[in-house]
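In what follows, a single structure is set out as C-alpha coordinates and then discussed.
The values are calculated or read from the model by the stated rules, or taken from the named source; none is laboratory data. This is a predicted model, so every value here is computed, not measured. As a convention, Cβ positions derive from the backbone with ideal geometry for all residues, glycine included, and neighbour counts pool all protein chains shown. Accessible surface areas use protein heavy atoms only, side chains included; no ligands, DNA or RNA. Shrake-Rupley method; radii C 1.70, N 1.55, O 1.52, S 1.80 Å.
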Amino acid sequence: SNIDVDCEPLKINAYAPGFNAFNKQVPLRSIDSLAIEGQVKRVDFLKMDIEGSEMQALTGALGSIRKFMPKLAISLYHRPDDLFEIPSFIHWHFPTYKMYLGHYTIHNEETVLYCSNS
(Lines give C-alpha, C1' and ligand atoms only; values in the text may rest on other atoms or scores of the structure.)
Protein backbone atom coordinates (compact mmCIF):
# COMPACT_ATOMS: atom_id res chain seq x y z
CA SER A 1 0.00 0.00 0.00
CA ASN A 2 1.01 3.63 -0.16
CA ILE A 3 -0.66 4.24 3.22
CA ASP A 4 -0.96 2.33 6.48
CA VAL A 5 -4.52 1.11 6.97
CA ASP A 6 -6.43 -1.86 8.35
CA CYS A 7 -8.93 -3.34 5.88
CA GLU A 8 -11.60 -5.96 5.74
CA PRO A 9 -10.36 -9.26 4.24
CA LEU A 10 -11.05 -9.78 0.56
CA LYS A 11 -13.91 -12.21 0.07
CA ILE A 12 -15.16 -13.53 -3.24
CA ASN A 13 -18.52 -15.28 -2.94
CA ALA A 14 -17.86 -15.93 0.78
CA TYR A 15 -14.40 -17.36 -0.03
CA ALA A 16 -11.28 -15.67 1.33
CA PRO A 17 -8.42 -16.71 -0.99
CA GLY A 18 -5.13 -17.71 0.57
CA PHE A 19 -5.94 -17.21 4.22
CA ASN A 20 -8.66 -17.14 6.84
CA ALA A 21 -8.67 -13.90 8.80
CA PHE A 22 -11.60 -14.97 10.99
CA ASN A 23 -13.37 -11.66 10.27
CA LYS A 24 -10.42 -9.64 11.58
CA GLN A 25 -8.96 -6.55 9.98
CA VAL A 26 -5.98 -7.15 7.69
CA PRO A 27 -3.10 -4.65 8.07
CA LEU A 28 -1.80 -3.02 4.88
CA ARG A 29 1.52 -1.26 5.37
CA SER A 30 3.79 0.67 3.05
CA ILE A 31 7.31 -0.60 2.60
CA ASP A 32 8.63 2.81 3.62
CA SER A 33 6.75 2.75 6.94
CA LEU A 34 8.06 -0.75 7.66
CA ALA A 35 11.60 0.48 6.98
CA ILE A 36 11.13 3.61 9.11
CA GLU A 37 9.79 1.49 12.00
CA GLY A 38 12.82 -0.81 11.72
CA GLN A 39 10.76 -3.87 10.74
CA VAL A 40 12.63 -3.98 7.42
CA LYS A 41 16.39 -3.45 7.65
CA ARG A 42 17.25 -3.75 3.97
CA VAL A 43 15.50 -4.20 0.64
CA ASP A 44 17.36 -6.15 -2.06
CA PHE A 45 14.46 -7.32 -4.23
CA LEU A 46 10.84 -6.23 -4.60
CA LYS A 47 8.37 -8.51 -6.37
CA MET A 48 4.89 -7.10 -6.85
CA ASP A 49 1.98 -9.08 -8.22
CA ILE A 50 -0.72 -7.47 -6.11
CA GLU A 51 -3.77 -7.40 -8.35
CA GLY A 52 -3.70 -3.79 -9.53
CA SER A 53 -2.17 -2.19 -6.43
CA GLU A 54 1.37 -2.14 -7.82
CA MET A 55 1.41 1.64 -8.40
CA GLN A 56 0.22 2.38 -4.86
CA ALA A 57 2.81 0.01 -3.41
CA LEU A 58 5.58 1.60 -5.51
CA THR A 59 4.51 5.02 -4.26
CA GLY A 60 4.69 3.69 -0.69
CA ALA A 61 8.19 2.34 -1.35
CA LEU A 62 9.84 5.38 -2.99
CA GLY A 63 12.12 6.15 -0.04
CA SER A 64 13.20 2.54 0.37
CA ILE A 65 13.86 2.13 -3.35
CA ARG A 66 15.94 5.35 -3.34
CA LYS A 67 17.92 4.17 -0.32
CA PHE A 68 18.53 0.53 -1.29
CA MET A 69 18.05 0.48 -5.11
CA PRO A 70 16.70 -3.09 -5.05
CA LYS A 71 16.03 -5.18 -8.12
CA LEU A 72 12.36 -5.01 -9.07
CA ALA A 73 9.88 -7.44 -10.63
CA ILE A 74 6.55 -5.67 -11.12
CA SER A 75 3.44 -7.14 -12.76
CA LEU A 76 2.12 -4.90 -15.54
CA TYR A 77 -1.11 -6.60 -16.57
CA HIS A 78 -3.75 -5.95 -13.92
CA ARG A 79 -4.84 -2.50 -15.09
CA PRO A 80 -4.92 -1.33 -18.73
CA ASP A 81 -2.56 1.63 -18.10
CA ASP A 82 0.00 -0.33 -16.02
CA LEU A 83 2.05 -1.21 -19.10
CA PHE A 84 2.77 2.49 -19.63
CA GLU A 85 2.32 4.16 -16.24
CA ILE A 86 4.56 1.91 -14.15
CA PRO A 87 7.66 2.01 -16.42
CA SER A 88 7.21 5.80 -16.80
CA PHE A 89 6.91 6.21 -13.03
CA ILE A 90 10.04 4.15 -12.40
CA HIS A 91 12.02 5.93 -15.14
CA TRP A 92 10.97 9.35 -13.78
CA HIS A 93 11.99 8.55 -10.19
CA PHE A 94 14.92 6.20 -10.88
CA PRO A 95 16.47 7.03 -14.27
CA THR A 96 19.50 4.78 -13.66
CA TYR A 97 17.41 1.61 -13.63
CA LYS A 98 17.63 -0.57 -16.72
CA MET A 99 14.23 -2.03 -17.59
CA TYR A 100 13.35 -5.34 -19.21
CA LEU A 101 10.01 -6.97 -20.02
CA GLY A 102 9.17 -10.62 -19.58
CA HIS A 103 5.98 -12.22 -20.87
CA TYR A 104 5.06 -15.75 -19.81
CA THR A 105 1.82 -16.80 -21.54
CA ILE A 106 0.16 -16.62 -24.94
CA HIS A 107 -2.57 -14.51 -23.29
CA ASN A 108 -2.61 -10.88 -22.10
CA GLU A 109 -1.59 -11.65 -18.53
CA GLU A 110 1.76 -12.45 -16.93
CA THR A 111 3.76 -9.51 -18.26
CA VAL A 112 6.46 -8.51 -15.76
CA LEU A 113 8.74 -5.47 -15.69
CA TYR A 114 12.24 -6.18 -14.35
CA CYS A 115 14.42 -3.30 -13.18
CA SER A 116 18.06 -3.35 -12.13
CA ASN A 117 21.04 -1.05 -11.79
CA SER A 118 23.39 -3.75 -13.05
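Do we find a residue being modelled with pLDDT of 95 or more and out of contact with any Lys or Arg (no Cβ under 8 Å at 6 or more places or on another chain) anywhere in the stretch 19-31? Within the stretch 19-31, none of the residues are modelled with pLDDT of 95 or more and out of contact with any Lys or Arg (no Cβ under 8 Å at 6 or more places or on another chain).
Evaluating LYS41 against the criteria (1) part of a helix (DSSP H, G or I); (2) within 28 Å of ASP6 (Cβ to Cβ) leaves one unmet condition, (1).
Looking across the stretch 76-104, the residues that are part of a helix (DSSP H, G or I), of a type in the set (A, V, I, L, M, F, W, C) and open to solvent by 60 Å² or more (accessible area, probe 1.4 Å) come down to LEU83, PHE84, TRP92. With respect to (1) in a loop (DSSP other than H, G, I, E, B); (2) touching a strand residue (DSSP E or B) at 6+ places or on another chain (Cβ under 9 Å); (3) modelled with pLDDT of 95 or more, the lone exception for GLU51 is condition (3). When you go through (1) out of contact with any Asp or Glu (no Cβ under 7 Å at 6 or more places or on another chain); (2) more than 15 Å from ILE3 (Cβ to Cβ) one by one for TYR77, which number turns out not to apply? Condition (1) is where TYR77 drops out. Yes or no: ASP44 over 20 Å from TYR114 (Cβ atoms) and at pLDDT 80 or above? So ASP44 fails the test. When we screen MET69, MET99 for residues that are on the phi > 0 side of the Ramachandran plot and modelled with pLDDT of 95 or more, the only hit is MET69.
Listed conditions (1) out of contact with any helix residue (DSSP H, G or I) (no Cβ under 8 Å at 6 or more places or on another chain); (2) closer than 28 Å to GLU8 by Cβ; (3) modelled with pLDDT under 95 are all met by ALA35, apart from (1).
Restricting to the stretch 1-18, give me the number of residues that are surrounded by 10 or more Cβ atoms within 10 Å (Cβ to Cβ), at pLDDT below 85 and farther than 24 Å from VAL112 by Cβ.
Pass one, the stretch 1-18, residues surrounded by 10 or more Cβ atoms within 10 Å (Cβ to Cβ): 1-11, 16.
This time we only want the ones that are at pLDDT below 85, so: 1, 3, 5-11, 16.
Restricting the remaining residues to those that are farther than 24 Å from VAL112 by Cβ gives 3, 5-9, 11, 16.
Matching residues across the stretch 1-18 total 8.
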